[in-house]
1. Quick one: which of C:Lys107/C:Lys131; A:Lys88/A:Lys168; C:Lys88/C:Lys131; C:Lys11/C:Lys168 span more than 20 angstrom between C-alpha atoms?
2. Please give every one of the aspartates and glutamates within straight-line cross-link reach of C:Lys73, meaning a C-alpha to C-alpha distance under 16 Å, and leave out same-chain neighbours fewer than 8 residues apart.
3. List the residue from chain A whose beta-carbon is nearest to the axis that rotates chain A onto chain B, together with that distance in whole Å.
4. Give the relative contact order (percent, whole number) for region C:63-139; include only Cα pairs under 8 Å separated by 6+ residues.
5. Roughly how big is the protein assembly as shown's charge dipole about its Cα centre, with Cβ charges of +1 (Lys, Arg) and -1 (Asp, Glu), in debye to the nearest 20?
6. Taking the Cα centre of chain B as the origin and placing charges on Cβ (Lys, Arg +1; Asp, Glu -1), which of B:Val157, B:Pro66, B:Leu141 is farthest toward the positive end of the dipole?
7. For chain B, modelled as a GNM with alpha-carbon contacts under 10 angstrom, which of B:Ala99, B:Ala45, B:Ala37 fluctuates the most?
8. Mind checking the angle between helix B:160-169 and chain B's longest principal axis? C-alpha axes, 0 to 90 degrees, to the nearest 10.
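The values are calculated or read from the model by the stated rules, or taken from the named source; none is laboratory data. This one's a predicted model, so the numbers in the text were calculated from it and none came from an experiment. Virtual Cβ from ideal backbone geometry, glycine too; neighbours counted across all protein chains shown. What goes into the accessible areas is simple: the full protein's heavy atoms, side chains included, and nothing from ligands, DNA or RNA. Shrake-Rupley method; radii C 1.70, N 1.55, O 1.52, S 1.80 Å.
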Amino acid sequence: MEKELAELKAKVEALPGTGNKLTMVIFSGSLDQQLAAMIIATGAAAMGMQVVLFFTFWGTAALRDPHRHVKGKTMISKMFGFMVPKGKDALKFSHMNMAGVGPAIIKGLMKKKNVASLDQLFDVASQLAVKIYICEMSMDLFGFRREEMIDYPNLEVCGVATMLAHAKESSLQFFI
Amino acid sequence: MEKELAELKAKVEALPGTGNKLTMVIFSGSLDQQLAAMIIATGAAAMGMQVVLFFTFWGTAALRDPHRHVKGKTMISKMFGFMVPKGKDALKFSHMNMAGVGPAIIKGLMKKKNVASLDQLFDVASQLAVKIYICEMSMDLFGFRREEMIDYPNLEVCGVATMLAHAKESSLQFFI
Amino acid sequence: MEKELAELKAKVEALPGTGNKLTMVIFSGSLDQQLAAMIIATGAAAMGMQVVLFFTFWGTAALRDPHRHVKGKTMISKMFGFMVPKGKDALKFSHMNMAGVGPAIIKGLMKKKNVASLDQLFDVASQLAVKIYICEMSMDLFGFRREEMIDYPNLEVCGVATMLAHAKESSLQFFI
């Protein structure tokens, strides 16, 4: 019976979906969805959860550093570089963008109401050790290079399997 | 060994992500996504799950009461009040909105095929004790006040931490 | 005490949200979201997870067979048949669609970089026994019939309760 108890203990330890951990796939590159994602991420980290973010497709836009330029890109990479928003300040709203007036008003309001900006949320995230991964395939398709991306502690490029391994361990997962 | 068993029992009780509970973050204010969310919510409640909904950003539109007006708002709050759809009947489709013809056709079809409308789904939700929270920060940004929102049993305003506490306990979570 | 251990064992077996299983609700009919969903689905299946997909609303577009036509539809069904993209090759991007140029470029790039196309991802999914359900209510609303949908092993039409039963067992769930 002692053996059975030990076995059950080991089983409980390894149960998928029960880690005190949040994994989010951030697919959207819209300012509103990115804000929601980072508010949830920093909130969870502040509550003591381990937090893992996987930025993919349009979501990668938020991780681009607007001040970095890379030479020798193909024409198609240049085109994507031009069309996908370059960094957090260039993100648009999914609704009511109104040629950029919407984000400007919301950003002004957020400042007035002491709500953290996306930049500040990334700062908080780094202080709370939120782990950020960028999707390898998206980088490859859009022709983005690691050296064009923002400085963030331990920012890593990975594939879908790494994200899934984290997500499987997490008690909480969202696709945004 | 008895002590070990008791400890393991307590651990199993407290395992994150194993409650018979669904938590949904409803971010989208589109009619199609709101319908999907409320169909999932009422379905889960009907199956005996505890259901918690957290309406945030554009999602808050569905909780506005079109017949309530509040005086003394700032100009920016008035502007948001005008731009964010005022209540369930004013929601648009994310695709194929066709100047409102899309929603009208779908609503007509839903009636014909005996699919519950969004209004009916909220009624069912309240009967099945689905808990609804509105995101405090979104209310604040858009300048919405509690007294402008619909009557719904125990409708509460809360922050992201309350949502996360529910989500962490839930075996099932979605971000819509 | 033996009885207590047996009870705890049974409880652990039945804990919601701990199955080695992924359930995804695929709501979006955009090519980019569908690619993300199928990359996650096939990745999870390759890692040994049981995978269940529930295609609903616009997501059903990807399951339409462009070569199948059904007679005797109502005018509204014909209209939806015309407006909802007919099959995987007709899907558009959620951003940067640029009159179809965006998808064409991405598809070209995916081929060049040896990333699987949506067609190939469905093939892989079927080989890895990924289960696909179509939402009954969506089929009914859009006037789609089972015989217009693609051939996929054990493709089934079901309601939201079936999806929820799978999701509740799954350690991992996404709404895309």
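1. C:Lys107/C:Lys131; A:Lys88/A:Lys168
2. Output for C:Lys73: C:Asp140, C:Glu147, C:Glu148.
3. That would be A:Gly17, 3.
4. The normalised contact order for region C:63-139 reaches 20 percent.
5. 1860 debye
6. Looking along the dipole axis, the top candidate is B:Pro66.
7. B:Ala99
8. Between the helix axis and the principal axis of chain B, the angle is about 50 degrees.
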